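Trainee: Just dropping this structure here.
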Amino acid sequence: MSSIGKTYNMPPQPAEESATTYLDAGAISIGVEYRVVDPESLRETYKHDAAQLAELEERSPEGGFFAEGLSLHVVAKADGHEYLRFDLFDDPPHYHYNHPPVGDQYTNNVVDYDPVANGPMLDWALARLRHRLPDMLREAGGDAIADHIDPAAVETALSEVQSLAEAARRPADAR
């Protein structure tokens, strides 16, 4: 199991299905969601699991996590698991290698993104999906899914992902 980034023993907060548009990309779907993360919504998500809630509280900054921005969700059609997530937040931008649970044990590696070295995160994330997706899926424990990635299907979806992402990132009054 990888130890890249910061390792959490809890899954990332799930996508809000009503706010997420999923696009078919062959063996995967790519979800585009504008998210608002706050301490109350996180507590609500993890309240069912005392260990996860305790980890959230222990690892939260003073006042809790607050973030807003675009998320790209990479979900396998075969098992419905979200293996990768790109959180294009202003502070802090990051991405996830979200391993499938083993029993009730989770491994969620959160990797900080460096916009100074890598440029705009949307461009970087789309390039990773075009050129590194199978490798990233394997890193997240999705070997079987990685073996079925169709680059043409991913490329077809990515033009729509980019359009949806750019629209979601514009201020509401400019849409």
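Trainee: Among Val37, Val32, which comes first, then next, by fewest other beta-carbon atoms within 10 Å?
Mentor: On the way: Val37 19, Val32 23.
Arranged by neighbour count, lowest to highest, Val37, Val32 become Val37, Val32.
Trainee: Another one. Defining a contact as two alpha carbons under 8 Å apart and six or more residues distant in sequence, what relative contact order in percent does the chain show? Walk me through the intermediate numbers first.
Mentor: Details: 290 pairs, mean separation 46.4, N = 175.
In percent, rounded to a whole number, it is 27.
Trainee: Which residue, chosen from Leu70, Ala54, Phe86, occupies the Cα position most advanced towards the positive end of the dipole of the stretch 1-108, where the dipole is computed from +1 (Lys, Arg) and -1 (Asp, Glu) charges on Cβ about the Cα centre?
Mentor: Toward the positive end, the furthest listed residue is Phe86.
Trainee: Oh, and also: Using Cα pairs under 8 angstrom and six or more residues apart, how large is the relative contact order of the stretch 56-127, in percent?
Mentor: Once divided by the residue count of the stretch 56-127, the mean separation gives 20 percent.
Trainee: Need one number: nm distance between label points at Ala67 and Arg132, each 7 Å from Cα along Cα→Cβ, rounded to one decimal.
Mentor: With each label point 7 Å from Cα toward Cβ, the separation is 1.7 nm.
Trainee: With +1 assigned to the C-beta of every Lys and Arg and -1 to the C-beta of every Asp and Glu, and no other charges, what is the dipole magnitude of the stretch 51-175 about the Cα centre in debye, to the nearest 20?
Mentor: Working: 10 positive and 23 negative charges, 85 e Å.
Rounded to the nearest 20 debye, it is 400 debye.
Trainee: Using only the alpha carbons of the chain, what is the convex hull's orientation-averaged projected area in square nanometres?
Mentor: On the way: hull surface 41.8 nm².
If you wrap the Cα atoms of the chain in a convex hull and average its projections, you get 10.5 nm².
Trainee: Could you give log10 I(q)/I(0) at q = 0.13, 0.25 Å⁻¹ for the stretch 33-98, computed by the Debye formula over C-alpha point scatterers of equal weight, without solvent?
Mentor: With no solvent term, the Cα-only Debye profile gives -0.42, -1.20.
Trainee: Now for a different question. With labels modelled as points extended 7 Å from the Cα through the Cβ direction, what inter-label distance (nm, one decimal) is found for Asp112 paired with Ala153?
Mentor: Here the answer is 3.7 nm between the modelled labels.
Trainee: Quickly work out the Ala78-to-Leu53 label distance, labels modelled 7 Å from Cα along the C-beta direction, and quote it in nm with one decimal.
Mentor: 3.6
Trainee: Whole-Hz Karplus ³J(HN,Hα) for the stretch 91-104, in order, using 6.51 cos²θ - 1.76 cosθ + 1.60 and θ = phi - 60°, x for Gly and Pro?
Mentor: The phi angles translate into 8, x, x, 6, 9, 10, 9, 9, 5, x, x, 10, x, 10 Hz.
Laboratory data are not the source of any read-out in this text; all were calculated from the coordinates shown. Quantities reported herein were computed from a predicted structural model and do not represent experimental measurements. A quick note on method: Cβ atoms are made from the backbone with ideal geometry, for glycine too, and the neighbour counts reach across all protein chains shown.
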